[in-house]
Amino acid sequence: MDHHSPPTPPSKSWSIYTRPEITAKYHIQERVGSGAYSDVYKARRISDNVTVALKEVHDYQAAFREVEALQLLHNCPNVVVLHEYFWREDEDAVLVLEFLRTDLAAVIKEAKRNGGVGVGEVKRWMIQILSGVDACHRNMIVHRDLKPSNLLISDDGVLKLADFGQARILMEPGFVAVDENPQSFENSSLNQDHLFLPQVVPQSSQEDREHQGQGMISRELSFRDIGKFKGQDFLDEVDRETVSIQDGNTSCLATGTASDFEDDMLRSPYEVYDAGGDGHGSLTSCVGTRWFRAPELLYGSMDYGMDVDLWSLGCIFAELLTLEPLFPGASDIDQLSRIINVLGNLTEEVWPGCLKLPDYRTISFANVENPIGIEACLANRALDEIALVKKLICYDPASRATAMELLHDEYFSKEPLPAPISELRVPLTNSGKDEDSPSGWYDYNERGSDSDFDDFGPMNVSKTSTGFSIQFS
């Protein structure tokens with residue numbers, strides 16, 4: 001058998017097999033995931049036989065969101081590694097990522113069959129998640145879609161945040177977030193020049209790359225070129241994008257068909273709704289996956305920040321402790337109803353300012369006199385575990401504990417201590433497309449269109465007649 005012959009390409013996504021700049025460097029083995037906006041292939045890097053994931057993203061804005069975020073976070077041990085990416089005229093972006101076989105959703109699924117997860121293991125998973133989220137937030141990145149299937153796991157037990165297709169970088173153009181906490185769990189050994197000024201490698205032979213000169217070009221200009229490839233006016237998108245996060249009137253209606261909306265009660269809880277921004281710099285409220293979506297988003301807020309990730313963390317931690325989702329809503333209204341049944345009604349007393357939420361006065365619930373509380377949701381769990389979740393699952397975003405605060409929480413210094421990574425039980429497979437939680441590799445469902453091109457520096461660019469790739473050290 002000729003090991004260099006590509007498998008028969010699937011009809012849905014064929015371009016990756018016909019792009020010589022990719023097939024010259026990678027032997028594509030099989031498609032391992034498919035979604036509305038991307039397809040993921042397992043591949044072998046020919047130069048050193050390393051297994052990688054090739055993520056062919058059909059939504060150019062989602063691709064740039066992921067590239068921008070991973071570029072900022074590329075040296076973080078708990079964030080998936082982006083090796084390089086390719087772009088050609090009239091072709092989709094192809095991201096070359098480290099290949100991670102399984103995810104936290106699979107850990108939870110397997111634990112349900114095998115009697116649970118030990119407290120030491122739970123703590124180590126939590127610490128790794130918090131480390132990844134802390135790295136995001138210190139770099140002013142809000143992930144906006146944290147869930148078990150987007151927390152990928154290596155064979156040796158290292159957990160890494162993935163799927164940054166909805167991530168936003170909340171910073172002024174040109175602003176570089178600095179590490180203000182030298183004791184953080186993410187320590188970069190690279191200087192900022194390496195971190196923010198990636199080398200652009202043209203799609204040509206190695207000999208050409210060694211002899212072709214590289215010029216300096218602004219990041220905005222490079223995106224203008226790509227915008228021409230796609231027939232989009234990228235500069236208008238860039239100019240409209242502002243850092244201020246203001247109220248808007250974006251609808252939370254799913255970006256599907258009318259029948260999709262009518263079937264809302266039957267939707268998978270892991271589908272992503274995102275009707276897009278309002279074109280004036282405000283964020284959309286319809287991001288993330290319903291079961292892990294913060295209440296302010298369910299009430300239509302577009303004046304939010306990294307606090308929405310902290311709510312998602314609380315939901316993930318609760319599920320890791322109980323092996324059941326905390327708020328498994330069948331629709332957005334049902335999601336809110338489940339939250340209110342646990343936390344009680346949302347009022348000014350529990351969250352000053354909640355009356356300003358766009359949909360607060362249009363969505364009303366009967367008075368819940370005796371909410372069951374987080375304690376009832378975490379029955380049979382220790383008090384310190386309940387306390388940890390309660391620091392995240394609360395209405396007022398300002399009251400949620402940050403990832404860094406939780407990393408220093410006494411919960412992690414108590415017996416039993418966090419298990420060594422080498423002792424974590426890693427499932428043999430991922431959670432699978434046919435499960436509730438699709439793989440984080442390709443989860444680009446119902447994506448919005450708000451632009452994310454905040455300038456933060458120039459790029460070294462070499463261009464060829466066919467396109468270019470951007471490679472990170």
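For K160, what accessible surface area do you get with a 1.4 Å probe? Give it in Å², rounded to 10.
Result for K160: roughly 30 Å² accessible.
Residues with beta-carbon under 12 Å from that of L313, excluding L313: net charge, scoring Lys, Arg +1 and Asp, Glu -1?
On the way: positive: K147, K391, R400; negative: D134, D307, D309, E319, E405.
With Lys, Arg at +1 and Asp, Glu at -1, the net is -2.
So what's the net charge close to V368: Lys and Arg +1, Asp and Glu -1, counting the other residues with Cβ under 15 Å from its Cβ? Numbers along the way, then the final one.
Values: positive: R338; negative: D334, E349, E369.
Net local charge, V368 excluded: -2.
As an exercise, use a Förster radius of 30 Å and the Cβ-Cβ distance of D334 and D409 to find the FRET efficiency, rounded to the nearest 0.05. Each step should come with its number before you reach the end.
On the way: r = 32 Å, r/R0 = 1.06.
Using R0 = 30 Å, I get an efficiency of 0.40.
A 32 angstrom limit on the alpha carbon distance is what I want to check against. Which of K55/K391; K25/K109; K112/K391 exceed it? Write down the numbers at each step before the final one.
On the way: K55/K391 36 Å; K25/K109 36 Å; K112/K391 25 Å.
In this structure, K55/K391; K25/K109 lie more than 32 Å apart at Cα.
Report, in debye and to the nearest 20, how large the dipole of the stretch 320-359 comes out about its Cα centre when Lys and Arg carry +1 and Asp and Glu carry -1 on their Cβ.
Details: 2 positive and 6 negative charges, 10 e Å.
So the dipole magnitude of the stretch 320-359 works out to roughly 40 debye.
Take each of the peptides 25-32, 163-170, 420-427, 45-52, average the number of other beta-carbon atoms within 10 Å over its residues, and list them starting from the highest.
Working: 25-32: 16.6, 163-170: 25.5, 420-427: 14.5, 45-52: 12.0.
My ranking of the peptides, most packed first, is 163-170, 25-32, 420-427, 45-52.
Using mean Cβ contacts within 10 Å as the protection proxy, how do 124-137, 402-415 order, highest first?
Working: 124-137: 24.0, 402-415: 15.6.
Put in order of decreasing packing, that is 124-137, 402-415.
Can you list residues whose amide H is under 5 Å from A93's amide H, if they're 5+ apart or on another chain and H is modeled 1.01 Å from N?
Here the answer is V57, since their amide H atoms fall under 5 Å of that of A93.
Can you list the residues, at least 5 places off or on another chain, whose amide H is less than 5 Å from the amide H of Q29, using H built in the peptide plane?
Counting only residues 5 or more places away or on other chains, the set is K42, A43, R44.
Express the accessible area of the stretch 313-382 per residue in Å², computed with a 1.4 Å probe while the remaining protein chains stay in the model.
Details: 3360 Å² over 70 residues.
Using a 1.4 Å probe on heavy atoms only, each residue of the stretch 313-382 averages 48 Å².
For the stretch 160-166, just list the computed ³J(HN,Hα) in residue order, Karplus coefficients 6.51, -1.76 and 1.60, θ = phi - 60°, integers in Hz, with x standing in for Gly and Pro.
My calculation for the stretch 160-166 gives 9, 5, 9, 6, 9, x, 10 Hz in order.
In nm, to one decimal, how far is the modelled label at A398 from the one at K356, with both set 7 Å along Cα→Cβ?
0.9
The values are calculated or read from the model by the stated rules, or taken from the named source; none is laboratory data. The shown structure was predicted, so the numbers you read here are calculated from the model rather than taken from an experiment. Here Cβ is always computed from backbone atoms with ideal geometry, including for glycine, and neighbour counts include all displayed protein chains. We work out accessible area using only protein heavy atoms, side chains counted, and drop any ligands, DNA or RNA first. Shrake-Rupley method; radii C 1.70, N 1.55, O 1.52, S 1.80 Å.
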